[in-house]
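Each remark here refers to the structure printed beneath this line.
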Amino acid sequence: MGPELMERMRAQVARFGTEFQFATVTKVETGERPFRIHTDSGEIVQARTVIVATGSAPRMLGLPSERELTGKGVSTCATCDGFFYKGKPVVIVGGGDSAMEEAMYLAGLASKVTLVHRRDSFRASKIMQERVLANPKIEIKWDSAVVEILGIEKNDCGGVVIENLKTGARETISAPGIGLFVAIGHTPVTGFLDGAIETDEQGYIRVKDPTSETNVPGIFAAGDVMDPRYRQAITAAGSGCRAAIDAERFLQREGDGH
Ligand SMILES: Cc1cc2nc3c(=O)[nH]c(=O)nc-3n(C[C@H](O)[C@H](O)[C@H](O)COP(=O)(O)OP(=O)(O)OC[C@H]3O[C@@H](n4cnc5c(N)ncnc54)[C@H](O)[C@@H]3O)c2cc1C
């Protein structure tokens with residue numbers, strides 16, 4: 001299980017001499033080396049290299065029940081949780097490319113996909129829209145928002161109430177085993193960097209592909225914080241490996257390595 005895997009990985013890196021410190025980083029001074037990393041406990045850690053791997057947070061609808069039901073019928077990742085809805089109906093919220101991708105993916109698994117979108121047209125690319133609109137398993141609810149998650153049964157979102165934002169009319173979509181997928185984007189956790197490292201317009205750290213190097217020599221990025229595309233555990237772990245190798249080589253080049 002996941003927690004055991006995490007514990008084993010932790011034990012593995014501890015065996016190789018990793019020290020752990022639990023704190024929230026509030027600021028990174030990148031002007032000169034060693035870098036100065038400020039934490040919420042008031043401490044300043046100095047480091048010759050830094051790997052930023054702070055992940056990204058899925059945007060949620062803001063409904064009281066959704067956090068509680070995440071993992072119990074509410075999900076933010078179709079590739080991760082889609083399998084649990086094989087042969088069952090699902091509702092997806094969103095209108096961009098990622099919502100279209102999730103809708104197409106889930107249409108291959110679920111019995112029916114209802115796509116709820118706030119506006120009367122999608123923001124997604126034309127080709128993705130065409131695929132979704134042509135799929136007979138996908139029904140679109142335009143100008144609509146999910147206003148309530150019923151959450152009746154365990155491991156089941158129970159269904160949702162959607163509201164037409166133009167007419168105010170409400171409709172309940174419910175069925176046994178129904179799932180709700182929230183696909184309204186992710187926010188990379190880069191606010192604490194306060195612009196010290198270059199990001200794209202969405203806030204993802206820019207790396208010099210195919211490396212993990214950022215625009216600041218000695219600072220590397222790995223995982224979901226630099227990856228708007230795949231956002232999976234294995235891709236994050238793989239990019240962590242790349243960042244570790246890049247950091248090691250950087251230290252050797254700079255004469256700080258062993
Ligand atoms: C609901 C859900 C289900 C998923 N299921 C799967 C799945 O089945 N398979 C799969 O492959 N992937 C799955 N994923 C995706 C996977 O979880 C991510 O791709 C992966 O965890 C990214 O790893 P990461 O290390 O980049 O970031 P994270 O795992 O998000 O780790 C970032 C860490 O940084 C810490 N942090 C953030 N800011 C600071 C700060 N300022 N100071 C100190 N620490 C900080 C956070 O507390 C966190 O511990 C799922 C994601 C979600 C949301």
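Couple of notes before you dig in:
- Segment 114-258 - Rg and Dmax from Cα coordinates, angstrom: 21.6, 68
- When the chain is described by a simple charge dipole with +1 on each Lys and Arg Cβ and -1 on each Asp and Glu Cβ, the residue from Q12, P136, C157 located farthest towards its positive end is P136.
- For segment 60-182: rounded, prolate or oblate by the Cα gyration tensor [a/c cutoff 1.5]: oblate
- Placing dummy labels 7 Å off each Cα toward the beta-carbon, the span from I234 to F192 is 2.9 nm.
- Once backbone amide H atoms are built at 1.01 Å from N, K141 has L115, V116, H117 as its partners under 5 Å, excluding neighbours fewer than 5 places away on the same chain.
- Stretch in the chain that is longest and holds no chymotrypsin sites (Phe, Trp or Tyr not before Pro) that DSSP places in a loop and that have at most 15 other beta carbons within 10 Å: 23-229
- Average Cα contact separation per residue, the chain, under 8 Å, 6 or more apart, as relative contact order %: 20
- Tilt relative to the chain, helix 97-107 - C-alpha long axis, 0 to 90 degrees, to 10: 60
- Non-local Lys pairs in the chain, i.e. 8 or more apart or on different chains, that have alpha carbons under 13 Å apart: 6
- Sequence of M60, M1 once ranked by neighbouring C-beta atoms within 10 Å, starting from the fewest: M1, M60
- Label-point separation, I127 to F16 (7 Å along Cα→Cβ), nm: 3.9
- Computed from backbone phi, the HN-Hα couplings of segment 29-43 come to 8, 10, x, 9, 9, x, 5, 10, 10, 8, 10, 5, 8, x, 7 Hz, rounded to whole numbers (Karplus: 6.51 cos²θ - 1.76 cosθ + 1.60, θ = phi - 60°; Gly and Pro given as x).
- Dipole-positive endmost among G2, L61, G168 within the chain (Cβ charges, Cα centre): G168
- A simple charge model with +1 on the Cβ of Lys and Arg, -1 on the Cβ of Asp and Glu and nothing else charged puts the dipole of the chain at about 560 debye relative to its Cα centre.
- Summing charges over all other residues whose Cβ lies under 11 Å from the Cβ of S65, with Lys and Arg as +1 and Asp and Glu as -1, gives -1.
- Each listed q (0.09, 0.17 Å⁻¹) maps to a log10 I(q)/I(0) for the chain, found by the Debye formula over equal Cα scatterers with no solvent: -0.52, -1.23.
- 3J(HN,Hα) from dihedral phi, segment 52-65, Karplus parametrisation 6.51/-1.76/1.60, rounded to Hz, x for glycine, proline: 8, 9, 8, x, 9, 9, x, 6, 10, 7, x, 8, x, 7
- Label zone at Y105 (point 7 Å along Cα-to-Cβ), backbone N below 18 Å, segment 165-207: 179-188
Here, each number is a calculation from the coordinates, and none is a lab measurement. Computed from a predicted structure; not experimentally measured. Here Cβ is always computed from backbone atoms with ideal geometry, including for glycine, and neighbour counts include all displayed protein chains.
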